[in-house]
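A short write-up of the structure that comes next.
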Amino acid sequence: MKAAGSWSDPRRGSPLVAAGVSAHRTSATRANREAAGDPGLPWRQAAGAERTRRGTGGSDRRGEPAALPARRRMMEPAVSLAVCALLFLLWVRVKGLEFVLIHQRWVFVCLFLLPLSLIFDIYYYVRAWVVFKLSSAPRLHEQRVRDIQKQVREWKEQGSKTFMCTGRPGWLTVSLRVGKYKKTHKNIMINLMDILEVDTKKQIVRVEPLVTMGQVTALLTSIGWTLPVLPELDDLTVGGLIMGTGIESSSHKYGLFQHICTAYELVLADGSFVRCTPSENSDLFYAVPWSCGTLGFLVAAEIRIIPAKKYVKLRFEPVQGLEAICAKFTHESQRQENHFVEGLLYSLDEAVIMTGVMTDEVEPGKLNSIGNYYKPWFFKHVENYLKTNREGLEYIPLRHYYHRHTRSIFWELQDIIPFGNNPIFRYLFGWMVPPKISLLKLTQGETLRKLYEQHHVVQDMLVPMKCLQQALHTFQNDIHVYPIWLCPFILPSQPGLVHPKGNEAELYIDIGAYGEPRVKHFEARSCMRQLEKFVRSVHGFQMLYADCYMNREEFWEMFDGSLYHKLREKLGCQDAFPEVYDKICKAARH
Ligand SMILES: Cc1cc2nc3c(=O)[nH]c(=O)nc-3n(C[C@H](O)[C@H](O)[C@H](O)COP(=O)(O)OP(=O)(O)OC[C@H]3O[C@@H](n4cnc5c(N)ncnc54)[C@H](O)[C@@H]3O)c2cc1C
């Protein structure tokens, strides 16, 4: 079966929700307009009407007795909104915008970012629908690639004065930092965001690099297929997951996102087009993952697909004691019968370990559609099993499982909307959540960014499973952030930037720490450098989207640069792209 074009539904997919979205959007937009543009006008009009009514004793001198109450009825909501907007602006004025943005961020997020995020989603929904209807994507793909080649050749003809990078604005990416290089490098516009082909015979999907995980699940699960590794957040893109890193709770079976890819298509520094696979241009194939676009521009990728089932039968098991947690987690990660393995660590010796298999059957009364907007945030739901110290078994619709942490952005949203998991908020506004990370980034401002940098950690460290216990102690001593995400993965022994020390595949674990560090006197640079040192010492790796405090030497101690540097020289990348370290180090991003 071949499906051309992409047909993505947005996060909140259902038509019912979409209808709700539009209705709300209208009033939110109006409120925004009034708050931002002309707060006084409706109020003045209403006051005028009120004056007229009082002055005339309720009758209209111009002989329109019925018009006034009707107009008044129309004005009342406008007046309330305008008064609210005025009060809000006054409050911001008194407290200062910075204070409000930092200490009461939820006000800004709830009033502005949530509606704006919806508008974004609706735009992408409509666009995907149009593309699908016109089936234009595959037809236009080659033309778009030629356009990228043309841009690169023009850059060359103009003397290759600066390095090149993708033209996607930094604020649009999921990574919390924005590359400073976007302002100084030649931006190559890569407008490639469509699913090109699904070939169920070969079990391959061919996609363009800006295709998001939300798009992929929406299309593939609707036709009974899925990616073996489907990273969590809807907005993650194929390009970012290959050039950066991608992982999911099935990675103990299938490896990282790069390990389920079977071919990459790239535009190189000289404008030429190349396709690479494990048997054709294999050096390039193995060097591309984690290279962050410093070997060429990705224009398409082929990814394996597997048959999907409707539900995940998920078992929740609370475990106490660090030794028991590590033993249990290692054991479950080695069991191939488990399609999914994930752990949430709530303190150094309390965790819930989840194991899942795909199934088409559901036991009565055990279906839990956790992705519905009014459901509790997933990590809070899991925590209940720990609090009540009981095991559980639930059947979760597949797409809900894949995006189980999306609504709460793992647990990041609790710092932004502290009452976000309150049932009242969930039922009333849950369908608007989460705000888009890109918009959060775009609007955070310099002060907030600096504050976050010093008082907030977002890090994923990949370490060998055999070092898990030692690693968790180190995390506790250096940063002390909970919950911690534990996601096992198998790391094959292949050439490239990231591989195990020995010649055999090794079981690793991604330790994800997101939140406010609770160590006394946390100092981002020194604490993170300590953690990075530990990770290097156990032959682990730091995900490159996060703040990296290593110097160049330390970086190349962590990553194997032998193949990468060889290819950069061979493909003339040194004058075309910065070295990967220069793109991701602390100094390169803000
Ligand atoms: C809050 C948060 C949650 C996260 N959750 C997850 C998760 O659940 N699972 C997971 O696996 N990871 C997760 N990550 C990490 C994420 O995988 C990486 O940040 C990923 O690289 C970001 O993907 P992106 O689509 O935003 O890519 P980008 O940030 O746009 O790209 C990453 C790198 O790839 C390069 N690149 C992208 N496209 C191209 C192209 N076409 N050609 C050449 N170079 C290109 C970019 O230049 C950049 O250097 C998370 C990160 C954050 C901050």
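The values are calculated or read from the model by the stated rules, or taken from the named source; none is laboratory data. Please read all numbers here as calculations on a predicted model, not as lab measurements. Cβ sites come from the backbone with ideal geometry, for glycine too, and all protein chains shown count toward neighbours.
Looking only at segment 157-170, residues that are crowded, with 16+ Cβ neighbours inside 10 Å and not in a loop (DSSP other than H, G, I, E, B) come to 4 in all.
For residue 371, indicate whether it is in contact with a helix residue (DSSP H, G or I) (Cβ under 8 Å, 6 or more places away or on another chain), within 16 Å of the ligand (Cβ to nearest atom) and assigned by the TED database to the domain that holds residue 512. Considered against the rule, which asks whether it is in contact with a helix residue (DSSP H, G or I) (Cβ under 8 Å, 6 or more places away or on another chain), within 16 Å of the ligand (Cβ to nearest atom) and assigned by the TED database to the domain that holds residue 512, residue 371 comes out as yes. Condition check: touching a Gly at 6+ places or on another chain (Cβ under 8 Å), surrounded by fewer than 21 Cβ atoms within 10 Å (Cβ to Cβ) and within 20 Å of residue 295 (Cα to Cα). Does residue 552 satisfy that? For residue 552, the condition - touching a Gly at 6+ places or on another chain (Cβ under 8 Å), surrounded by fewer than 21 Cβ atoms within 10 Å (Cβ to Cβ) and within 20 Å of residue 295 (Cα to Cα) - is not met. For residue 348, the test of being in the same structural domain as residue 317 (by the TED database), aliphatic (A, V, I, L, M) and over 19 Å from residue 248 (Cβ atoms) is passed.
Of the set (1) more than 16 Å from the ligand (Cβ to nearest atom); (2) in contact with a Ser or Thr (Cβ under 8 Å, 6 or more places away or on another chain), all apply to residue 580 but (1). Listed by position, the helices (runs of 4 or more DSSP H) enclosed by segment 429-534 that each have at least 1 residues that are crowded, with 21+ Cβ neighbours inside 10 Å are 437-442, 468-478. Taken as a whole, the structure leaves residue 399 outside the set of residues that are in a loop (DSSP other than H, G, I, E, B), at pLDDT 90 or above and within 26 Å of residue 308 (Cα to Cα).
Test residue 217 against the stated conditions and say whether it is under 18 Å from the mean Cα position of the chain (by Cα) and in a helix (DSSP H, G or I). So residue 217 passes the test. Selection within segment 217-254: residues that are out of contact with any Leu (no Cβ under 7 Å at 6 or more places or on another chain) and closer than 27 Å to residue 570 by Cβ. The member of this set that is nearest to the ligand (Cβ to nearest atom) is 240. Kindly indicate whether any position in segment 120-139 is hydroxyl-bearing (Ser, Thr, Tyr), at pLDDT 70 or above and closer than 30 Å to residue 454 by Cα. Looking for residues that are hydroxyl-bearing (Ser, Thr, Tyr), at pLDDT 70 or above and closer than 30 Å to residue 454 by Cα, one finds none in segment 120-139, hence no. The residue pairs whose first member lies in segment 232-245 and is over 20 Å from residue 541 (Cβ atoms), whose second member is more than 6 Å from the ligand (Cβ to nearest atom) and basic (Lys, Arg), and whose beta carbons are closer than 8 Å, counting only pairs six or more residues apart or on different chains, are 234/11; 235/436. For segment 260-278, check the following and say yes or no: at least one residue is without any contact (Cβ under 8 Å) to a residue 40 or more places away in the chain and away from the ligand (no atom under 15 Å from the Cβ). Within segment 260-278, one or more residues are without any contact (Cβ under 8 Å) to a residue 40 or more places away in the chain and away from the ligand (no atom under 15 Å from the Cβ). Tallying residues that are buried (at least 24 other Cβ atoms within 10 Å of the Cβ) and over 16 Å from the mean Cα position of the chain (by Cα) within segment 225-255 yields 4.
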